[in-house]
Amino acid sequence: MTYAMEGRASREPALFSPKPRAKPRGQSKGPGRADARRSTSGLKRNVFFRIYLLAMFLSTRFLTTMDIRNVVVLGSGCAGHTAALYSARANLKPLVIEGHEPGGQLSMTTLVENFPGFPEGIQGPELIENMRKQAARFGAEYRMGHVVKADLSKHPFELSFGKEIIQTRTLIVASGASARWLGLPNEHALIGHGVSSCATCDGFFFSGKEIAVIGGGDSAMEEAIFLTRFATKVTLIHRREQFRASKIMLDRARANPKIEFLTDTVVDDVLDVSKKEVTALRLRNLKSGESWDFPASAMFLGIGHIPNAKIFEGQLETDADGYLITQKNVFTRVPGVFACGDVQDRRYRQAITAAGSGCMAALEVEKFLEEEGH
Ligand SMILES: Cc1cc2nc3c(=O)[nH]c(=O)nc-3n(C[C@H](O)[C@H](O)[C@H](O)COP(=O)(O)OP(=O)(O)OC[C@H]3O[C@@H](n4cnc5c(N)ncnc54)[C@H](O)[C@@H]3O)c2cc1C
């Protein structure tokens with residue numbers, strides 16, 4: 001027997017059956033009144049003590065069980081809301097942590113014309129608010145804030161949320177990928193009014209216009225080539241003379257008669273906030289120092305995205321750029337952890353694909369919990 005066990009063994013009997021007081025010598029053999037009273041009150045104390053211990057035991061059991069969530073959804077973009085909707089309708093009472101950007105990327109944009117079901121299109125913030133309301137109607141619980149740490153080595157998983165630790169049997173990671181912006185003074189005010197990070201989403205709005213694409217990698221080439229379907233001219237602006245893009249993509253862009261290149265040039269600002277639309281880009285040539293306003297109806301950023309998956313570093317598999325790697329659409333390498341939307345999709349990055357994979361993740365959570373007997 002170990003020391004610890006010995007200690008426990010010697011303490012427990014004292015707790016559960018307090019020793020009856022030793023009877024003083026020389027007293028009468030039969031139990032007197034005082035003795036009877038003493039033994040009744042001892043018995044009462046013992047019973048109360050046992051009830052107290054039982055209550056303590058049950059309450060901790062009960063609280064612990066109540067505290068463990070069936071499913072936590074990380075993120076409140078299209079993927080997160082859809083996962084919340086499906087898991088709420090499956091009666092799993094999901095908890096959605098909204099993150100630093102409630103509503104996700106769609107809340108930043110204006111008109112969305114390619115989400116099915118809205119023949120006239122719908123404003124991004126309205127679409128995302130509708131999704132939230134729909135999930136909340138079925139019991140999804142929403143909490144503002146950001147998860148700063150996740151421990152997936154334990155089961156239930158532990159998420160650090162402010163000073164609180166949230167425990168959950170399953171986790172849906174729908175934390176998206178934030179577009180890289182240039183950080184220009186007027187850039188954010190013009191997102192959705194000519195500034196965009198998504199050619200597939202917003203290219204159509206600039207049919208017959210002259211536009212600019214910023215960047216020197218494959219994403220910038222791809223965006224520029226795609227945008228020539230709509231624009232009369234696309235100017236690709238890059239801060240260096242050399243491009244990071246692969247030769248094949250660069251050659252393709254160079255061969256396109258609608259694409260022009262401006263190298264060694266940076267954007268200092270985008271105009272014109274007072275008109276609520278992009279009218280020009282303030283450019284500066286890095287070699288000559290010359291600065292000028294370059295007329296354009298839109299500025300598309302082709303400088304990549306940052307997947308919001310840093311808290312899972314070393315726990316979930318990622319590619320070289322930090323996107324989560326999934327198998328069979330939404331499975332991560334940790335059983336019970338599913339990923340959906342842009343955080344695991346660098347190829348499509350659309351509201352509808354994010355929503356679709358959010359649905360898949362929730363259906364897999366249902367199956368997982370069922371197999372686990374919950
Ligand atoms: C300007 C712009 C216009 C667009 N227009 C269109 C369009 O017209 N049509 C279209 O189909 N697509 C469009 N898109 C793309 C579309 O918005 C995205 O594909 C979609 O939003 C991805 O959804 P998501 O849920 O995966 O991620 P996101 O929308 O990026 O949401 C991620 C969520 O995760 C949260 N989060 C991140 N980290 C944490 C954390 N640690 N803890 C808790 N929460 C966290 C964030 O707060 C956010 O709520 C556009 C994108 C942009 C930027």
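Matching residues to (1) closer than 30 Å to residue 315 by Cα; (2) among the hydroxyl-bearing types (Ser, Thr, Tyr); (3) surrounded by fewer than 21 Cβ atoms within 10 Å (Cβ to Cβ):
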residue: 115; (1), (2), (3): no, no, yes
residue: 119; (1), (2), (3): no, no, yes
residue: 129; (1), (2), (3): no, no, yes
residue: 147; (1), (2), (3): yes, no, yes
residue: 156; (1), (2), (3): yes, no, yes
residue: 171; (1), (2), (3): yes, no, no
Inset, instruction - Please indicate, with yes or no, whether at least one residue in segment 282-296 is closer than 28 Å to residue 342 by Cα and not in a helix (DSSP H, G or I). - result: no
Legend entry - Filter pass, residue 137 being surrounded by fewer than 16 Cβ atoms within 10 Å (Cβ to Cβ), of a type in the set (Lys, Arg) and in contact with a helix residue (DSSP H, G or I) (Cβ under 9 Å, 6 or more places away or on another chain): yes
Inset, instruction - May I ask you to list pairs of residues, at least six apart or on different chains, whose Cβ atoms are under 9 Å apart, with the first in segment 193-215 being within 9 Å of residue 231 (Cα to Cα) and the second being among the aromatic types (Phe, Trp, Tyr) and surrounded by fewer than 24 Cβ atoms within 10 Å (Cβ to Cβ)? - result: 203/226; 203/230; 204/230; 206/230; 207/230; 208/230; 209/230; 211/230
Legend entry - Among (1) under 20 Å from residue 84 (Cα atoms); (2) free of Cβ contacts under 8 Å to residues at least 12 places away in the same chain; (3) in a loop (DSSP other than H, G, I, E, B) - the single one residue 349 does not satisfy: (2)
Inset, instruction - Quick one: in segment 64-81, of everything that is more than 8 Å from the ligand (Cβ to nearest atom) and assigned to a helix (DSSP H, G or I), which residue is nearest to residue 342 (Cα to Cα)? - result: 67
Legend entry - Count of segment 99-111 residues which are surrounded by fewer than 21 Cβ atoms within 10 Å (Cβ to Cβ) and near the ligand (Cβ under 7 Å from one of its atoms): 4
Legend entry - Test for residue 224: is it in contact (Cβ under 8 Å) with a residue 40 or more places away in the chain and either assigned to a loop (DSSP other than H, G, I, E, B) or in contact with a Leu (Cβ under 8 Å, 6 or more places away or on another chain) (or both): yes
Legend entry - Odd one out for residue 367, checked against (1) more than 17 Å from residue 106 (Cβ to Cβ); (2) without any contact (Cβ under 8 Å) to a residue 12 or more places away in the chain; (3) assigned to a loop (DSSP other than H, G, I, E, B): (3)
Inset, instruction - May I ask you to list the residues in segment 324-346 that are over 14 Å from the mean Cα position of the chain (by Cα), part of a strand (DSSP E or B) and within 13 Å of the ligand (Cβ to nearest atom)? - result: none
Legend entry - Residue that is farthest from the ligand (Cβ to nearest atom), among those in segment 176-196 that are touching a Phe, Trp or Tyr at 6+ places or on another chain (Cβ under 9 Å) and over 18 Å from residue 206 (Cβ atoms): 188
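Each reported figure results from applying straightforward, stated rules to the coordinates on display, with no laboratory input. These numbers come from a predicted model, not from an experiment. Cβ: placed from backbone, ideal geometry, glycine included. Neighbour counts: every protein chain shown.
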